[in-house]
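Asker: Structure below; questions to follow.
FYI, it's all coordinate maths here, none of it is from the lab. All values reported here derive from a predicted model rather than from experimental measurement. Here Cβ is always computed from backbone atoms with ideal geometry, including for glycine, and neighbour counts include all displayed protein chains.
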Amino acid sequence: MILEDTIAAISTAPGTGAIAIVRMTGPAAWTITGQLFSSEHKPGSMRRQSSDNKPIGQIGHWKSHVAMHGFLHDTGTDQLVDEVVVIPFKGPHSYTGEDLVEINCHGGQIVTSEILSLCLANGARLARQGEFTQRAFLNGRMDLTQAEAVLDVIQAKTGLQSRFAVSALKGELGSQIQKVRNHLVELLSRIVAGLDFPEEVGDLPLDDLEKIVEQCTKELKVLLSTARSGRFLREGVRVAIAGKPNAGKSSLLNQLLKFERAIVTDVPGTTRDSLEELLDMNGIPVLLIDTAGIRSTDDQVERIGIERTRKAIVQSDLVLLVTDVLTGWTEDDKLVCDLVVDRPHIILANKIDLSPDFALNEKYETGLACLSKIAISAKDGSGLNELSAAIERWVFNDQQLKDAGGSLNARQGELCERALRSLALVQETALNNMPQDCLATDLKLAIDSLYEMSGEMVSEEIITNVFAKFCIGK
Ligand SMILES: Nc1nc2c(ncn2[C@@H]2O[C@H](COP(=O)(O)OP(=O)(O)OP(=O)(O)O)[C@@H](O)[C@H]2O)c(=O)[nH]1
Ligand SMILES: [Mg+2]
């Protein structure tokens with residue numbers, strides 16, 4: 001699907017840089033660049049004539065994927081705008097699948113916007129957000145999971161986020177979905193053949209059907225389990241540090257961040273307000289929230305702080321419950337425990353440096369939501385590797401995210417759940433020995449959900465939503 005119009009945008013980040021790139025794609029991308037670009041700049045001479053008397057801008061001489069050094073001139077005034085490197089890409093072998101040009105210019109904001117204005121004045125229109133990638137999708141250069149991965153790569157804030165996004169970008173996630181879908185399509189065609197030719201083909205043996213549906217269900221469940229980890233990788237994990245006053249919460253925050261972010265004193269009740277800071281924990285973006293210590297108090301300011309702690313706990317994905325090995329498990333610890341009992345949490349017995357023989361005993365019991373108990377020292381950092389490992393295990397749910405070739409985003413996760421529901425109905429129908437045309441209906445719904453996941457059958461509205469999240473120029 002080659003689109004009629006030619007679009008242009010500045011593809012590099014706003015601001016000043018060493019170089020910037022203005023990108024253009026569409027049927028007129030090469031011609032427009034040809035009108036602006038010349039391989040020589042000779043002040044005072046006719047710039048459209050080169051030294052070998054060939055008209056400059058003769059795009060017939062351009063080679064796809066080969067960079068050309070030259071100059072851009074204002075078509076109206078003939079003034080030199082910038083010295084540039086132009087890389088033309090001939091469709092379909094380009095990012096968008098159409099003719100495309102990248103103009104590498106100096107990274108000044110004025111010069112970059114002048115070049116963009118020239119492209120627009122000569123027939124291009126300003127690209128919408130994500131429109132380059134949208135064209136790549138519409139022209140079949142990538143499926144929707146890959147297009148969504150482009151956004152993830154751009155927005156990744158840690159190396160791990162980026163690695164998973166890149167593997168989805170390579171199409172691994174898309175091929176996992178396609179693999180399951182192909183099995184189901186084959187199954188459906190066998191059922192349909194049986195319905196169309198009952199004499200010759202007959203009903204599909206239920207054993208065959210169950211085996212394939214079970215296998216596909218298993219594979220989709222693995223994919224679905226990546227959605228939770230994927231959300232944490234994309235959006236970060238909110239981790240509240242809670243505990244009684246003086247347990248060492250702020251010290252823990254500082255030790256994890258490796259700088260003195262929070263005030264630490266030996267006065268109980270030092271932290272009055274919740275304080276947030278982002279940490280890259282082995283590639284997982286973790287939003288750490290230090291909170292006011294929890295205890296019963298008449299101090300009005302402290303009570304407001306404790307109320308905020310409650311809120312931080314409720315809004316968190318995970319709580320680190322910090323206790324103090326010097327005081328042991330006290331009434332105040334029990335107050336904290338009541339607040340975190342239903343939330344995933346890790347008990348941290350802090351200040352182990354002051355009591356090296358300390359052992360976590362049965363008193364430290366907070367219920368089923370407790371993921372692990374670790375003795376740490378916020379002062380010397382001991383036990384913190386174990387803490388990172390415990391958080392990592394919980395985030396990835398012991399799943400081999402790598403095997404899935406990426407993680408599902410919210411849109412894909414919903415469709416995966418829908419496909420699984422349809423497959424469950426197929427299994428139920430088979431169990432109840434219903435006619436095989438009933439199987440076909442649900443099987444078709446499961447296949448449709450998978451087509452929607454990869455974007456091969458998807459509404460205009462969803463496409464618009466997906467690409468609206470991109471920046472202009474991508
Ligand atoms: N030796 C030792 N002292 C620690 C450790 N962690 C914290 N402390 C000390 O314990 C005191 C309280 O530490 P904070 O980090 O302010 O405790 P907090 O839980 O944030 O206290 P509030 O903000 O009052 O709720 C300070 O004197 C810290 O130096 C530790 O692991 N070892
Ligand atoms: Mg504190």
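Asker: Of LYS170/LYS221; LYS63/LYS474; LYS211/LYS469; LYS170/LYS311, which ones are farther than 29 Å apart at the Cα? Walk me through the intermediate numbers first.
Answerer: Details: LYS170/LYS221 22 Å; LYS63/LYS474 24 Å; LYS211/LYS469 40 Å; LYS170/LYS311 41 Å.
Violating the 29 Å limit, Cα to Cα: LYS211/LYS469; LYS170/LYS311.
Asker: With +1 on each Lys and Arg Cβ and -1 on each Asp and Glu Cβ, how big is the dipole of the stretch 60-185 about its Cα centre, in debye rounded to the nearest 20?
Answerer: Details: 11 positive and 13 negative charges, 149 e Å.
Using Cβ point charges on Lys, Arg, Asp and Glu, the stretch 60-185 gives about 720 debye.
Asker: So, with +1 on the Cβ of K and R and -1 on the Cβ of D and E, and no other charges, what is the size of the charge dipole of the chain about its Cα centre, to the nearest 20 debye?
Answerer: Working: 48 positive and 65 negative charges, 263 e Å.
Charge dipole, the chain, about its Cα centre: 1260 debye, nearest 20.
Asker: Using DSSP to call loops (not H, G, I, E or B), can you name the chymotrypsin sites (Phe, Trp or Tyr not before Pro) in the stretch 86-186 whose Cβ has at most 13 other Cβ atoms within 10 angstrom? Please report the intermediate quantities before stating the final value.
Answerer: Numbers: sites: PHE89, TYR95, PHE132, PHE137, PHE164; in loops: TYR95.
Sparse-neighbourhood loop chymotrypsin sites (Phe, Trp or Tyr not before Pro): none present.
Asker: Between GLN155 and LEU278, what FRET efficiency comes out of the Förster formula 1/(1 + (r/R0)^6) with R0 = 22 Å and r the beta carbon distance, rounded to 0.05? Spell out each step's value before the answer.
Answerer: On the way: r = 14 Å, r/R0 = 0.63.
Efficiency computed from Cβ-Cβ geometry: 0.95.
Asker: Just want to confirm a number: the relative contact order over the stretch 7-127, from Cα pairs under 8 angstrom separated by 6+ residues, in percent. All intermediate terms of the calculation are to be shown ahead of the outcome.
Answerer: Details: 252 pairs, mean separation 42.9, N = 121.
In percent, rounded to a whole number, it is 35.
Asker: What percent antiparallel are the DSSP beta bridges of the chain, to the nearest 5?
Answerer: Values: 33 of 56 bridges.
If I count the DSSP bridges inside the chain, around 60 percent turn out antiparallel.
Asker: First check a/c for the stretch 7-127, with a ≥ b ≥ c the square roots of the eigenvalues of its C-alpha gyration tensor; if it is under 1.5, answer rounded, and if not, answer prolate when a/b is larger than b/c or oblate otherwise.
Answerer: In terms of gyration-tensor shape, oblate.
Asker: Based on alpha-carbon centroids, what's the gap between the stretch 224-238 and the stretch 166-207 in Å, whole number please?
Answerer: If you average the Cα positions of each part, the centres end up 30 Å apart.
Asker: Test of the criteria: in the stretch 239-334, which trypsin sites (Lys or Arg not before Pro) are in a DSSP loop and have at most 12 other Cβ atoms within 10 angstrom of their Cβ? Provide the component values of the computation, followed by the final result.
Answerer: Values: sites: LYS249, LYS258, ARG261, ARG272, ARG295, ARG303, ARG308, ARG310, LYS311, LYS334; in loops: LYS258, ARG261, ARG272, ARG295.
Answer in residue order: LYS258.
Asker: While we're here: Of PRO356, GLY293, VAL341, whose Cα points farthest to the positive end of the dipole of the stretch 239-396 (charges on the beta-carbon: +1 Lys, Arg; -1 Asp, Glu; origin at the Cα centre)?
Answerer: VAL341
Asker: Less than 15 Å apart at the alpha-carbon level, and either on another chain or at least 8 residues along: which aspartates and glutamates does that give for LYS179?
Answerer: Here the aspartates and glutamates satisfying the reach criterion relative to LYS179 are ASP143, GLU214, GLU219, ASP403, ASP448, GLU452, GLU456.
Asker: Now for a different question. For the stretch 221-361, what is the percent of antiparallel DSSP beta bridges, rounded to the nearest 5?
Answerer: 30
Asker: Under a point spin-label approximation (7 Å from Cα along Cα-to-Cβ), what is the THR327-SER355 distance to one decimal in nm?
Answerer: 1.2
Asker: Right, something else. For the residue pair ALA67 and GLU199, what label-to-label distance in nm results when each label sits 7 Å from Cα along the Cα-to-beta-carbon direction?
Answerer: 7.1
Asker: Any chance you could run the full-extension gain for ILE462 through ALA389? It's 0.36 nm times the residue separation minus the Cα-Cα distance, nm to one decimal. It would help to have the intermediate numbers written out before the result.
Answerer: Numbers: separation 73, 0.36 × 73 = 26.28 nm, distance 3.76 nm.
This chain segment gains 22.5 nm when fully extended.
Asker: Sticking with this one: What are the ³J(HN,Hα) values, in whole Hz, obtained from phi via the Karplus relation 6.51 cos²θ - 1.76 cosθ + 1.60 with θ = phi - 60°, for each residue of the stretch 142-147 in sequence order, with x given for Gly and Pro?
Answerer: 7, 8, 5, 5, 5, 4
Asker: What shape does the chain have by the C-alpha gyration tensor, where a ≥ b ≥ c are the square roots of the eigenvalues, rounded means a/c under 1.5, and otherwise prolate means a/b greater than b/c and oblate the rest?
Answerer: Working: a/c = 3.31, a/b = 1.33, b/c = 2.50.
Oblate shape, in that a/c is at least 1.5 and b/c is the bigger or equal ratio.
Asker: Another one. Let me know the charge dipole size of the stretch 7-127 about its Cα centre in debye, to the nearest 20, where only the beta-carbon of Lys, Arg (+1) and Asp, Glu (-1) is charged. Show your work: numbers first, answer last.
Answerer: Numbers: 8 positive and 10 negative charges, 43 e Å.
Once rounded to the nearest 20, the dipole reads 200 debye.
Asker: Right, something else. As a check on your grasp of the helix formula, calculate [θ] at 222 nm for the chain: sum -39500 (n - 2.57) over DSSP H runs of n ≥ 4, divide by the residue count, round to the nearest 500. Don't skip to the end; give the middle numbers.
Answerer: Numbers: 14 runs with 205 residues, N = 474.
Counting only the DSSP helices, I get -14000 deg cm²/dmol.
Asker: For CYS471 and THR441 in the same chain, what is the full-extension length gain: residue separation times 0.36 nm, less their Cα-Cα distance, in nm? Please list the in-between numbers first.
Answerer: On the way: separation 30, 0.36 × 30 = 10.80 nm, distance 3.98 nm.
Net length gain for the segment: 6.8 nm.
Asker: Which of rounded, prolate, oblate describes the stretch 239-396, given a ≥ b ≥ c as roots of the alpha-carbon gyration tensor eigenvalues and a/c under 1.5 marking rounded, otherwise prolate only if a/b is larger than b/c? Mind showing how you got there, number by number?
Answerer: Values: a/c = 1.23, a/b = 1.13, b/c = 1.09.
Rounded shape, in that the Cα axes give a/c under 1.5.
Asker: Which one of GLN161, GLN134, ILE212 has its Cα pushed farthest toward the positive end of the charge dipole of the stretch 132-229, where Lys and Arg give +1 and Asp and Glu give -1 at the Cβ?
Answerer: In the stretch 132-229, that residue is GLN161.
Asker: Once you put a point 7 Å from the Cα of SER189 and another 7 Å from the Cα of ASP338, both along the Cβ direction, what distance in nm separates them?
Answerer: 6.5
Asker: Of the options GLY97, ILE7, VAL85, report the single residue whose Cα projects farthest towards the positive end of the charge dipole of the stretch 7-127 (beta-carbon charges: Lys, Arg +1; Asp, Glu -1).
Answerer: Result: GLY97, furthest along the dipole toward the positive end.
Asker: Just subtract the alpha-carbon distance of ASP74 and GLN58 from 0.36 nm times their residue separation and send over the number in nm, one decimal. Write out the running numbers ahead of the final one.
Answerer: Numbers: separation 16, 0.36 × 16 = 5.76 nm, distance 1.69 nm.
Going from the current span to full extension adds 4.1 nm.
Asker: Counting other C-beta atoms within 10 Å, and keeping those with at most 11, which DSSP coil GluC sites (Glu not before Pro) do you find in the stretch 140-215? It would help to have the intermediate numbers written out before the result.
Answerer: Values: sites: GLU148, GLU172, GLU186, GLU199, GLU200, GLU210, GLU214; in loops: GLU199, GLU200.
Sites meeting the loop and neighbour criteria: GLU199, GLU200.
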